[in-house]
Amino acid sequence: MKSTGTSLIAALCLAATAAPSGAQTAQQPVEIAQLPYIEIFSPTFFWNDEADTVRTGASTCPKGRAIAGGVGILQGKAALRMIESYPDGESWVVRMVNRQKPESVKSLQVRGYALCMLPAARKASKLLAQQARIAHVSTKFNVPAGFASTAGRQTCPQGSLVVSGGFGLDPDFRGPNSLRLELSYPDPNGWNISAVNGAAAASPAAEARAYAVCLGTKDGADIRGYQTVYFAEADVLVKAENGVARQSVSCRDPGAYVISGGMRSVRGQRASLEMQESFPDSPSSWTVAVTNRGEKRDGDVTARLYAVCIKK
């Protein structure tokens with residue numbers, strides 16, 4: 001692959017500890033005729049940077065469905081790691097943890113994001129049917145070893161609406177790496193990434209890519225006549241003691257295109273998971289990589305991976 005409005009009105013869900021684990025209800029398809037408008041909603045979360053405390057934030061749509069999302073820091077600094085990022089009906093949920101012990105606990109101002117399908121027009125919303133083309137674009141950037149936080153960004157074609165994005169290892173890179181996804185969020189013209197590479201400091205920088213999924217009228221594949229947004233899923237087992245799972249989830253319908261993707265844990269301990277990669281690996285599939293930092297006594301974790309797709 002080669003290389004908007006935002007509203008602060010949203011319901012906010014915060015939790016300092018993990019919710020009870022268990023199987024989750026499958027996401028139901030969405031008919032575009034019933035929810036024809038799209039808009040990005042962006043609530044502010046007030047957290048602190050205390051180490052190893054899990055924070056949960058849900059960006060909630062008003063009477064609609066969330067089909068993409070992310071999280072960024074507005075104010076403050078922390079070595080956040082993304083544990084989960086996933087659709088949950090009207091909300092896009094993120095769970096984060098700070099893996100660096102601060103000298104003193106300070107406040108963080110964090111912004112969550114949800115791209116919402118809505119039943120009625122609002123001031124900043126747009127008709128999905130008028131965004132007739134979908135483009136998947138990416139750009140390469142280096143992530144130095146040694147846990148130095150590194151930013152990447154991919155812009156959308158001029159006039160397009162950025163709907164989601166991601167981060168992943170460049171397919172041609174073969175060197176050592178230990179990537180961790182920190183932040184993943186939109187701005188008016190593109191998608192931003194923050195990530196670290198935990199490989200030994202003497203290792204070469206990992207070659208990675210920042211991705212954006214864009215809807216517009218000029219560039220990309222024609223999706224006029226596409227009627228349904230649906231959620232493809234796959235469950236994977238992530239072994240304890242630094243086990244890794246990396247899997248692509250495909251849109252199952254011929255001609256379908258991927259809009260976004262994500263991951264949540266459905267069984268096992270959750271605070272020890274860390275997302276490594278989450279990106280569109282093709283126009284119709286999404287890859288997620290996740291590692292389990294938990295000890296053997298904590299047990300294995302079953303993670304559910306998502307691809308959000310649009311079809312005729």
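Some points to look at:
- Within straight-line cross-link reach of K106, aspartates and glutamates at Cα separation under 17 Å, skipping those fewer than 8 residues along the same chain: D49, E50, D52
- Stokes-Einstein diffusion of region 177-265 at 20 °C, 1.002 mPa s viscosity, Kirkwood radius from Cα pairs, rounded to a whole number: 129 µm²/s.
- Candidate lysines - alpha carbon under 27 Å from K218, same-chain residues fewer than 8 apart omitted: K2, K123, K126, K140, K311, K312
- Fewest-first ranking of F279, F167, F173, using other Cβ atoms within 10 Å as the exposure measure: F173, F279, F167
- Reduced Cα scattering model of region 163-312, Debye log10 I(q)/I(0), q = 0.16, 0.18, 0.19 Å⁻¹: -0.91, -1.09, -1.18
- The Stokes-Einstein estimate for the chain, based on a Kirkwood radius over Cα pairs and taken at 25 °C with 0.890 mPa s viscosity, is a diffusion coefficient of 128 µm²/s.
- Spatially proximal lysines relative to K101 (Cα-Cα < 24 Å; intrachain offsets below 8 disregarded): K77, K296
- Values of log10 I(q)/I(0), in the order q = 0.15, 0.21, 0.31 Å⁻¹, for region 101-157 under a Debye, Cα-only, solvent-free model: -0.86, -1.08, -1.25
- Computed FRET value (nearest 0.05) for R174 with A120, which takes r as the C-beta separation and R₀ as 30 Å: 0.05
- In this simple spin-label approximation, E50 and S107 carry label points 7 Å from Cα along the Cα→Cβ vector, and these lie 1.6 nm apart.
- Cα convex hull of region 39-161, projected area averaged across orientations, nm²: 9.2 nm²
- Total formal charge among the other residues, if their Cβ is under 13 angstrom from that of L128, Lys/Arg +1 and Asp/Glu -1: +2
- Computed E for A129/E233 - FRET, C-beta separation, R0 35 angstrom, nearest 0.05: 0.85
Computed from the coordinates by the stated procedures, all read-outs in this text should not be read as laboratory data. Everything numeric in this text was worked out from a predicted model, so none of it was measured. Using ideal geometry, Cβ is built from the backbone for each residue, glycine included, and neighbour counts are taken over all protein chains shown.
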